[in-house]
Amino acid sequence: MSGPVNRATGNPVTKLSFWGVRGSTPTVDPATWRYGGNTPCLGLTAPDGTQFILDCGTGLRVLGSRWTAPGGSGRNPETHIFVTHYHWDHIQGFPFFAPLYAESNEFHFYSFRSKHLGRDSLKQVFETQMAMPYFPVNMSAMTAKKRFMEVSGGESFSIGENKIIARHLNHPQGCLGFRVETPGGTIAYTTDNEPGDAKLDAELEELAAGADIFVNDAQYTPEQLASTRKGWGHSSWQEGVRVARRAGAKTLVLFHHDPDSTDRMIDGLLRQAREEFDSVFAASEGMVVTLGAAPGHFEAHMPETRMALRREAQFRAEVCGITEGGHAFKEETVVRDLALQGALISLAHCPRLQSELQVTMETPGEGGTKTMQLRGYVVRVVAGEKRGKNAVGVVFTD
Ligand SMILES: [Zn+2]
Ligand SMILES: [Zn+2]
(Lines give C-alpha, C1' and ligand atoms only; values in the text may rest on other atoms or scores of the structure.)
(Ligands and ions follow the chains in the order given, each with its own letter.)
Protein backbone atom coordinates (compact mmCIF):
# COMPACT_ATOMS: atom_id res chain seq x y z
CA MET A 1 0.00 0.00 0.00
CA SER A 2 1.40 3.43 -0.83
CA GLY A 3 0.27 6.92 0.02
CA PRO A 4 0.50 10.35 -1.55
CA VAL A 5 3.85 11.64 -2.78
CA ASN A 6 5.22 15.07 -3.49
CA ARG A 7 5.25 15.46 -7.26
CA ALA A 8 8.47 17.45 -7.32
CA THR A 9 10.57 15.45 -4.83
CA GLY A 10 8.88 12.06 -4.84
CA ASN A 11 8.88 12.20 -1.01
CA PRO A 12 5.90 10.61 0.73
CA VAL A 13 3.61 13.20 2.28
CA THR A 14 0.67 13.44 4.64
CA LYS A 15 -2.47 14.99 3.18
CA LEU A 16 -5.17 16.57 5.31
CA SER A 17 -8.41 17.60 3.57
CA PHE A 18 -11.22 19.67 5.06
CA TRP A 19 -14.70 18.51 3.97
CA GLY A 20 -16.75 20.14 6.71
CA VAL A 21 -15.69 22.99 9.01
CA ARG A 22 -18.95 24.40 10.43
CA GLY A 23 -20.02 23.75 14.02
CA SER A 24 -23.41 22.88 15.53
CA THR A 25 -25.56 22.77 12.40
CA PRO A 26 -25.00 23.00 8.65
CA THR A 27 -25.49 26.41 7.06
CA VAL A 28 -26.66 27.18 3.55
CA ASP A 29 -27.05 30.94 3.60
CA PRO A 30 -24.96 32.79 1.02
CA ALA A 31 -23.11 34.75 3.72
CA THR A 32 -21.41 31.49 4.78
CA TRP A 33 -20.56 30.16 1.31
CA ARG A 34 -16.90 30.97 1.27
CA TYR A 35 -15.80 29.05 4.39
CA GLY A 36 -18.54 26.49 3.81
CA GLY A 37 -21.57 25.13 5.63
CA ASN A 38 -20.93 21.41 6.11
CA THR A 39 -20.32 20.15 9.64
CA PRO A 40 -17.02 18.57 10.78
CA CYS A 41 -15.30 16.00 8.60
CA LEU A 42 -11.60 15.76 7.73
CA GLY A 43 -9.80 13.25 5.54
CA LEU A 44 -6.22 12.30 6.34
CA THR A 45 -3.96 10.13 4.21
CA ALA A 46 -0.64 9.10 5.75
CA PRO A 47 2.58 8.43 3.81
CA ASP A 48 2.12 4.66 4.30
CA GLY A 49 -1.27 4.91 2.56
CA THR A 50 -3.36 4.52 5.70
CA GLN A 51 -6.58 6.44 5.31
CA PHE A 52 -8.22 8.21 8.24
CA ILE A 53 -11.44 10.17 8.58
CA LEU A 54 -11.97 12.55 11.48
CA ASP A 55 -15.66 12.96 12.40
CA CYS A 56 -18.81 12.13 10.42
CA GLY A 57 -20.45 15.53 10.01
CA THR A 58 -22.30 16.42 6.81
CA GLY A 59 -18.94 16.96 5.06
CA LEU A 60 -18.66 13.15 5.03
CA ARG A 61 -21.24 12.94 2.25
CA VAL A 62 -19.06 15.10 0.02
CA LEU A 63 -15.97 13.05 0.91
CA GLY A 64 -17.97 9.94 -0.04
CA SER A 65 -18.89 11.34 -3.42
CA ARG A 66 -15.16 11.69 -4.26
CA TRP A 67 -14.30 8.40 -2.63
CA THR A 68 -11.38 6.37 -3.85
CA ALA A 69 -10.72 3.32 -1.73
CA PRO A 70 -7.22 3.29 -0.25
CA GLY A 71 -4.68 1.15 -2.06
CA GLY A 72 -6.12 1.68 -5.53
CA SER A 73 -8.16 -0.72 -7.60
CA GLY A 74 -8.79 -4.32 -6.65
CA ARG A 75 -7.78 -4.01 -3.02
CA ASN A 76 -9.81 -2.23 -0.42
CA PRO A 77 -7.86 -1.98 2.81
CA GLU A 78 -9.75 -0.56 5.76
CA THR A 79 -10.32 3.12 6.52
CA HIS A 80 -10.09 4.30 10.13
CA ILE A 81 -12.77 6.71 11.29
CA PHE A 82 -12.39 8.64 14.54
CA VAL A 83 -15.57 10.14 15.95
CA THR A 84 -14.96 12.77 18.62
CA HIS A 85 -18.46 12.58 20.16
CA TYR A 86 -22.15 12.01 19.48
CA HIS A 87 -23.59 15.48 18.93
CA TRP A 88 -25.52 15.80 15.65
CA ASP A 89 -22.95 17.89 13.86
CA HIS A 90 -20.37 15.10 14.18
CA ILE A 91 -22.51 12.12 13.10
CA GLN A 92 -25.06 13.45 10.63
CA GLY A 93 -23.12 12.58 7.48
CA PHE A 94 -22.99 8.88 8.34
CA PRO A 95 -26.26 7.72 6.67
CA PHE A 96 -25.27 9.63 3.50
CA PHE A 97 -21.74 8.20 3.19
CA ALA A 98 -22.08 6.15 0.00
CA PRO A 99 -18.97 3.93 0.51
CA LEU A 100 -20.77 2.31 3.47
CA TYR A 101 -23.23 0.75 1.02
CA ALA A 102 -20.51 -1.15 -0.90
CA GLU A 103 -19.56 -4.62 0.28
CA SER A 104 -15.93 -4.28 -0.77
CA ASN A 105 -15.19 -1.48 1.70
CA GLU A 106 -14.11 -1.87 5.30
CA PHE A 107 -14.33 0.72 8.06
CA HIS A 108 -12.97 0.76 11.59
CA PHE A 109 -14.75 3.23 13.86
CA TYR A 110 -13.23 4.61 17.05
CA SER A 111 -15.03 6.50 19.80
CA PHE A 112 -15.59 6.47 23.55
CA ARG A 113 -18.13 4.72 25.77
CA SER A 114 -20.87 7.19 26.63
CA LYS A 115 -22.24 6.91 30.15
CA HIS A 116 -25.68 7.45 28.63
CA LEU A 117 -25.37 4.43 26.31
CA GLY A 118 -22.82 1.97 27.66
CA ARG A 119 -21.20 -0.65 25.41
CA ASP A 120 -20.88 -0.02 21.68
CA SER A 121 -21.98 3.58 22.12
CA LEU A 122 -21.10 4.72 18.61
CA LYS A 123 -22.81 1.73 17.00
CA GLN A 124 -25.94 2.45 19.03
CA VAL A 125 -25.84 6.10 18.01
CA PHE A 126 -25.62 5.21 14.31
CA GLU A 127 -28.33 2.55 14.60
CA THR A 128 -30.66 4.92 16.42
CA GLN A 129 -29.99 7.69 13.92
CA MET A 130 -31.12 5.35 11.10
CA ALA A 131 -34.02 3.71 12.95
CA MET A 132 -37.62 4.17 11.79
CA PRO A 133 -39.02 6.75 11.34
CA TYR A 134 -35.85 8.85 11.16
CA PHE A 135 -34.39 7.28 8.02
CA PRO A 136 -35.84 5.06 5.25
CA VAL A 137 -33.36 2.18 5.61
CA ASN A 138 -31.67 0.83 8.69
CA MET A 139 -27.99 0.16 9.18
CA SER A 140 -28.22 -3.39 7.80
CA ALA A 141 -28.50 -1.77 4.34
CA MET A 142 -24.86 -0.74 4.78
CA THR A 143 -23.04 -3.76 3.47
CA ALA A 144 -19.49 -2.53 4.02
CA LYS A 145 -17.58 -4.29 6.80
CA LYS A 146 -17.77 -2.24 9.97
CA ARG A 147 -15.85 -2.68 13.20
CA PHE A 148 -16.40 -0.57 16.27
CA MET A 149 -13.60 0.11 18.71
CA GLU A 150 -13.83 1.77 22.08
CA VAL A 151 -11.14 4.30 22.93
CA SER A 152 -10.67 5.54 26.46
CA GLY A 153 -9.21 8.96 27.11
CA GLY A 154 -5.71 7.94 28.15
CA GLU A 155 -4.84 5.80 25.23
CA SER A 156 -2.31 5.59 22.46
CA PHE A 157 -2.12 2.98 19.73
CA SER A 158 -0.60 2.45 16.31
CA ILE A 159 -2.19 2.01 12.90
CA GLY A 160 0.36 1.26 10.21
CA GLU A 161 3.31 3.57 10.70
CA ASN A 162 1.16 6.09 12.52
CA LYS A 163 0.66 6.69 16.23
CA ILE A 164 -2.69 7.85 17.57
CA ILE A 165 -3.21 9.46 20.96
CA ALA A 166 -6.68 10.14 22.36
CA ARG A 167 -7.56 12.42 25.29
CA HIS A 168 -10.82 13.67 26.74
CA LEU A 169 -11.85 17.26 26.12
CA ASN A 170 -14.12 19.52 28.15
CA HIS A 171 -17.51 19.33 26.42
CA PRO A 172 -21.08 18.49 27.50
CA GLN A 173 -21.63 14.68 27.30
CA GLY A 174 -17.92 14.20 26.66
CA CYS A 175 -15.63 14.45 23.66
CA LEU A 176 -12.31 13.04 22.51
CA GLY A 177 -9.41 14.92 20.95
CA PHE A 178 -7.03 13.04 18.69
CA ARG A 179 -3.37 13.43 17.85
CA VAL A 180 -2.20 11.58 14.76
CA GLU A 181 1.58 11.29 14.38
CA THR A 182 2.51 10.30 10.85
CA PRO A 183 6.01 10.10 9.32
CA GLY A 184 5.00 13.15 7.24
CA GLY A 185 3.92 15.27 10.21
CA THR A 186 1.70 15.49 13.28
CA ILE A 187 -1.90 16.64 13.34
CA ALA A 188 -3.83 17.48 16.51
CA TYR A 189 -7.61 17.55 16.06
CA THR A 190 -9.25 19.07 19.11
CA THR A 191 -12.67 20.46 18.46
CA ASP A 192 -15.64 20.90 20.79
CA ASN A 193 -13.66 21.90 23.82
CA GLU A 194 -14.06 24.64 26.41
CA PRO A 195 -10.98 25.81 28.30
CA GLY A 196 -11.11 26.18 32.08
CA ASP A 197 -10.71 22.64 33.44
CA ALA A 198 -7.07 22.43 34.58
CA LYS A 199 -6.65 18.68 34.03
CA LEU A 200 -8.29 18.65 30.60
CA ASP A 201 -6.47 21.84 29.57
CA ALA A 202 -3.17 20.10 30.32
CA GLU A 203 -4.24 17.11 28.23
CA LEU A 204 -5.19 19.38 25.35
CA GLU A 205 -1.68 20.84 25.47
CA GLU A 206 -0.29 17.33 25.39
CA LEU A 207 -2.22 16.62 22.19
CA ALA A 208 -1.05 19.88 20.62
CA ALA A 209 2.60 19.60 21.74
CA GLY A 210 4.84 20.45 18.78
CA ALA A 211 2.06 19.58 16.31
CA ASP A 212 2.58 20.69 12.73
CA ILE A 213 -1.14 21.32 12.37
CA PHE A 214 -3.33 22.12 15.38
CA VAL A 215 -6.99 22.13 14.38
CA ASN A 216 -8.83 23.74 17.28
CA ASP A 217 -12.37 24.80 18.18
CA ALA A 218 -12.75 28.54 17.47
CA GLN A 219 -16.53 28.81 17.50
CA TYR A 220 -16.91 31.93 19.59
CA THR A 221 -15.32 35.32 19.94
CA PRO A 222 -13.27 35.80 23.14
CA GLU A 223 -16.04 38.17 24.33
CA GLN A 224 -18.80 35.59 23.80
CA LEU A 225 -16.72 32.89 25.47
CA ALA A 226 -16.34 35.08 28.55
CA SER A 227 -20.05 35.96 28.76
CA THR A 228 -23.12 34.65 26.94
CA ARG A 229 -21.54 31.42 25.64
CA LYS A 230 -19.69 30.43 28.80
CA GLY A 231 -20.37 26.77 29.60
CA TRP A 232 -21.48 25.87 26.08
CA GLY A 233 -18.42 23.69 25.51
CA HIS A 234 -16.51 25.67 22.90
CA SER A 235 -13.45 27.84 22.49
CA SER A 236 -12.13 30.94 20.67
CA TRP A 237 -9.25 31.90 18.38
CA GLN A 238 -7.58 33.56 21.38
CA GLU A 239 -7.57 30.35 23.41
CA GLY A 240 -6.26 28.50 20.36
CA VAL A 241 -3.37 30.95 20.07
CA ARG A 242 -2.65 30.59 23.79
CA VAL A 243 -2.52 26.77 23.59
CA ALA A 244 -0.55 26.83 20.32
CA ARG A 245 2.08 29.06 21.96
CA ARG A 246 2.37 27.03 25.15
CA ALA A 247 2.41 23.71 23.30
CA GLY A 248 4.77 24.88 20.55
CA ALA A 249 2.29 23.99 17.79
CA LYS A 250 3.48 25.28 14.44
CA THR A 251 0.26 26.12 12.64
CA LEU A 252 -3.13 26.83 14.16
CA VAL A 253 -6.30 26.12 12.17
CA LEU A 254 -9.45 27.85 13.44
CA PHE A 255 -12.27 25.32 13.17
CA HIS A 256 -15.94 24.61 14.06
CA HIS A 257 -17.15 28.01 12.90
CA ASP A 258 -20.36 29.19 14.50
CA PRO A 259 -23.42 28.84 12.23
CA ASP A 260 -24.12 32.52 12.88
CA SER A 261 -20.62 33.57 11.80
CA THR A 262 -20.66 35.01 8.29
CA ASP A 263 -17.61 34.80 6.05
CA ARG A 264 -16.84 38.42 6.85
CA MET A 265 -16.96 37.70 10.58
CA ILE A 266 -14.59 34.73 10.20
CA ASP A 267 -12.26 36.95 8.12
CA GLY A 268 -12.22 39.26 11.14
CA LEU A 269 -11.42 36.49 13.63
CA LEU A 270 -8.64 35.24 11.37
CA ARG A 271 -7.19 38.74 11.08
CA GLN A 272 -7.09 39.13 14.87
CA ALA A 273 -5.52 35.68 15.34
CA ARG A 274 -2.84 36.45 12.75
CA GLU A 275 -1.83 39.54 14.70
CA GLU A 276 -0.97 37.30 17.65
CA PHE A 277 0.38 34.14 16.03
CA ASP A 278 2.54 33.65 12.94
CA SER A 279 0.82 30.80 11.19
CA VAL A 280 -2.97 30.69 11.39
CA PHE A 281 -5.60 29.54 8.92
CA ALA A 282 -9.35 29.54 9.20
CA ALA A 283 -10.55 26.13 8.05
CA SER A 284 -12.53 26.31 4.85
CA GLU A 285 -14.24 23.60 2.87
CA GLY A 286 -11.97 22.29 0.15
CA MET A 287 -8.77 23.32 1.91
CA VAL A 288 -6.00 20.73 1.62
CA VAL A 289 -2.85 20.80 3.73
CA THR A 290 0.16 18.78 2.61
CA LEU A 291 2.83 17.91 5.17
CA GLY A 292 6.28 16.39 4.86
CA ALA A 293 7.27 17.66 1.41
CA ALA A 294 10.31 19.18 3.11
CA PRO A 295 11.28 19.06 6.81
CA GLY A 296 9.31 21.55 8.86
CA HIS A 297 7.47 22.79 5.82
CA PHE A 298 3.89 22.46 4.73
CA GLU A 299 1.70 23.71 1.96
CA ALA A 300 -1.92 24.72 2.15
CA HIS A 301 -4.01 24.65 -0.98
CA MET A 302 -7.35 26.22 -1.41
CA PRO A 303 -9.48 25.51 -4.42
CA GLU A 304 -8.34 28.15 -6.88
CA THR A 305 -11.27 30.48 -6.43
CA ARG A 306 -10.92 30.51 -2.66
CA MET A 307 -7.17 31.03 -2.88
CA ALA A 308 -7.70 34.01 -5.09
CA LEU A 309 -10.22 35.32 -2.67
CA ARG A 310 -7.77 35.09 0.20
CA ARG A 311 -5.70 37.60 -1.73
CA GLU A 312 -8.82 39.72 -1.52
CA ALA A 313 -8.82 40.06 -5.25
CA GLN A 314 -11.73 41.31 -7.27
CA PHE A 315 -12.53 39.73 -10.57
CA ARG A 316 -13.53 41.56 -13.69
CA ALA A 317 -16.38 39.64 -15.16
CA GLU A 318 -18.81 39.68 -18.02
CA VAL A 319 -22.27 38.46 -17.14
CA CYS A 320 -24.94 37.34 -19.61
CA GLY A 321 -28.48 36.55 -18.60
CA ILE A 322 -32.19 37.26 -18.93
CA THR A 323 -33.91 40.16 -17.21
CA GLU A 324 -37.08 40.05 -15.19
CA GLY A 325 -38.82 41.34 -18.32
CA GLY A 326 -37.45 38.51 -20.48
CA HIS A 327 -34.75 40.47 -22.34
CA ALA A 328 -31.24 39.13 -22.86
CA PHE A 329 -28.51 41.32 -21.33
CA LYS A 330 -24.75 41.46 -21.22
CA GLU A 331 -22.97 43.48 -18.54
CA GLU A 332 -19.42 44.14 -17.35
CA THR A 333 -19.01 44.05 -13.58
CA VAL A 334 -16.74 43.09 -10.72
CA VAL A 335 -17.25 39.92 -8.68
CA ARG A 336 -16.21 40.21 -5.06
CA ASP A 337 -17.80 37.51 -2.96
CA LEU A 338 -16.78 34.34 -4.70
CA ALA A 339 -16.89 30.77 -3.45
CA LEU A 340 -16.76 27.34 -5.00
CA GLN A 341 -20.52 27.07 -4.91
CA GLY A 342 -21.49 30.53 -5.98
CA ALA A 343 -21.02 34.26 -5.92
CA LEU A 344 -22.66 37.54 -5.11
CA ILE A 345 -22.56 39.79 -8.15
CA SER A 346 -23.44 43.43 -8.39
CA LEU A 347 -25.51 44.17 -11.52
CA ALA A 348 -27.32 47.16 -12.99
CA HIS A 349 -29.70 44.72 -14.71
CA CYS A 350 -32.21 42.79 -12.69
CA PRO A 351 -32.01 39.14 -13.77
CA ARG A 352 -35.04 36.91 -13.42
CA LEU A 353 -35.04 34.61 -10.40
CA GLN A 354 -33.97 31.06 -11.29
CA SER A 355 -32.83 32.11 -14.74
CA GLU A 356 -29.44 31.03 -16.04
CA LEU A 357 -26.40 33.32 -15.87
CA GLN A 358 -23.14 32.97 -17.78
CA VAL A 359 -20.22 34.46 -15.90
CA THR A 360 -16.89 34.90 -17.67
CA MET A 361 -14.19 35.90 -15.22
CA GLU A 362 -10.52 36.71 -15.30
CA THR A 363 -8.80 35.04 -12.35
CA PRO A 364 -5.19 35.22 -11.26
CA GLY A 365 -3.67 31.71 -11.19
CA GLU A 366 -0.22 30.23 -10.77
CA GLY A 367 0.56 30.54 -14.46
CA GLY A 368 -0.84 34.04 -14.96
CA THR A 369 -4.35 35.30 -15.59
CA LYS A 370 -6.87 32.75 -16.72
CA THR A 371 -10.32 33.11 -18.10
CA MET A 372 -12.92 31.13 -16.19
CA GLN A 373 -16.33 30.35 -17.63
CA LEU A 374 -19.05 29.57 -15.12
CA ARG A 375 -22.70 28.78 -15.53
CA GLY A 376 -25.09 29.29 -12.68
CA TYR A 377 -28.61 30.08 -11.60
CA VAL A 378 -29.96 33.18 -9.93
CA VAL A 379 -31.10 32.27 -6.44
CA ARG A 380 -31.47 35.71 -4.92
CA VAL A 381 -31.88 39.31 -6.04
CA VAL A 382 -31.67 42.18 -3.60
CA ALA A 383 -32.74 45.25 -5.55
CA GLY A 384 -30.70 48.43 -5.28
CA GLU A 385 -28.42 47.18 -2.53
CA LYS A 386 -25.23 49.00 -3.48
CA ARG A 387 -25.14 52.38 -5.23
CA GLY A 388 -28.37 51.61 -7.00
CA LYS A 389 -27.13 48.25 -8.27
CA ASN A 390 -28.73 44.93 -7.52
CA ALA A 391 -26.99 42.26 -5.46
CA VAL A 392 -27.46 38.99 -7.30
CA GLY A 393 -26.79 35.63 -5.65
CA VAL A 394 -25.73 32.92 -8.10
CA VAL A 395 -25.21 29.21 -7.49
CA PHE A 396 -22.80 27.67 -9.98
CA THR A 397 -23.71 24.44 -11.68
CA ASP A 398 -20.33 23.81 -13.31
ZN1 LIG B 1 -19.62 20.20 17.28
ZN1 LIG C 1 -20.44 18.99 20.47
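The values are calculated or read from the model by the stated rules, or taken from the named source; none is laboratory data. Since we're looking at a predicted model, the values are computed, not measured. Positions of Cβ are backbone-derived with ideal geometry, glycine not excepted, and every protein chain shown enters the neighbour counts. In case anyone asks, the SASA skips ligands and DNA or RNA and just uses the protein heavy atoms, side chains included. Shrake-Rupley method; radii C 1.70, N 1.55, O 1.52, S 1.80 Å.
Please get the size of the charge dipole for the chain, origin at its Cα centre, with Cβ charges of +1 on Lys and Arg and -1 on Asp and Glu, quoted in debye to the nearest 20. Provide the component values of the computation, followed by the final result.
Values: 40 positive and 45 negative charges, 72 e Å.
For this selection, approximately 340 debye.
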> What residues qualify as long-range amide H neighbours of ALA282, i.e. H under 5 Å apart, gap of 5 or more or another chain, H built at 1.01 Å from N?
Replying inline: LEU254
> Once you sort the root eigenvalues of the Cα gyration tensor of the range 144-220 as a ≥ b ≥ c, which label holds: rounded (a/c under 1.5), prolate (a/b larger than b/c) or oblate (the other case)?
Replying inline: oblate
>> Using 10 Å bins from zero, what percent of all Cα-Cα pairs in the chain falls into each bin?
In response: 5, 22, 30, 25, 14, 4, 0
> Cβ under 14 Å from LEU63's Cβ, LEU63 left aside: what net charge do those residues give with Lys, Arg +1 and Asp, Glu -1?
Replying inline: +1
> Expressed as a whole percentage, what fraction of the accessible surface of the chain belongs to carbon and sulfur atoms when a 1.4 Å probe is rolled over the protein heavy atoms?
Replying inline: 50 percent
>> Counting heavy atoms of the protein chains only and a 1.4 Å probe, report the per residue accessible area for the chain as a whole number of Å².
In response: 45 Å²
> Applying the Karplus parametrisation 6.51 cos²θ - 1.76 cosθ + 1.60 with θ = phi - 60° to the phi angles of the range 248-257, what ³J(HN,Hα) value in whole Hz is obtained for each residue in order, glycine and proline being reported as x?
Replying inline: x, 6, 8, 10, 9, 10, 6, 9, 6, 4
> Once amide H atoms are placed 1.01 Å from N in the peptide plane, what residues at a sequence separation of 5 or more from GLY36, or on another chain, have their amide H within under 5 Å of its amide H?
Replying inline: GLU285
> Which pairs in the list LYS330/LYS370; LYS15/LYS386; LYS15/LYS330; LYS230/LYS250; LYS15/LYS123 are over 32 Å apart, alpha-carbon to alpha-carbon?
Replying inline: LYS15/LYS386; LYS15/LYS330
>> Quick check on the range 40-180: take the gyration tensor over C-alpha atoms, sort the square-rooted eigenvalues as a ≥ b ≥ c, and tell me if it's rounded (a/c under 1.5), prolate or oblate.
In response: oblate
> Are there GluC sites (Glu not before Pro) in the range 88-164 that DSSP marks as loop and that have at most 12 other Cβ atoms within 10 Å, and which are they?
Replying inline: GLU103
> Which trypsin sites (Lys or Arg not before Pro) in the range 110-168 pass both tests, a DSSP loop state and at most 11 other beta-carbon atoms within 10 Å?
Replying inline: LYS115, ARG119
>> Give me the dipole magnitude in Debye, nearest 20, for the range 76-156 about the Cα centre, with unit charges on the beta carbon: positive for Lys and Arg, negative for Asp and Glu.
In response: 180 debye
> Projected onto the charge dipole of the chain (+1 at Lys/Arg Cβ, -1 at Asp/Glu Cβ, origin at the Cα centre), which of GLY233, ILE322, GLY210 gives the Cα projection farthest towards the positive end?
Replying inline: ILE322
>> Which one, LEU54, GLY93, THR14, is farthest towards the positive end of the dipole of the range 1-140 when Lys and Arg carry +1 and Asp and Glu -1 on their Cβ?
In response: THR14
> Can you list residues whose amide H is under 5 Å from GLY20's amide H, if they're 5+ apart or on another chain and H is modeled 1.01 Å from N?
Replying inline: CYS41
> Once phi is turned into ³J(HN,Hα) by the Karplus curve 6.51 cos²θ - 1.76 cosθ + 1.60 with θ = phi - 60°, what whole-Hz value does each residue of the range 35-50 show in order, with x for glycine and proline?
Replying inline: 7, x, x, 6, 7, x, 6, 10, x, 9, 10, 8, x, 7, x, 4
> Among ASN193, ASN170, PHE82, whose Cα lies farthest out toward the positive end of the dipole of the chain, if unit charges sit on the beta carbon of Lys, Arg (+1) and Asp, Glu (-1)?
Replying inline: PHE82
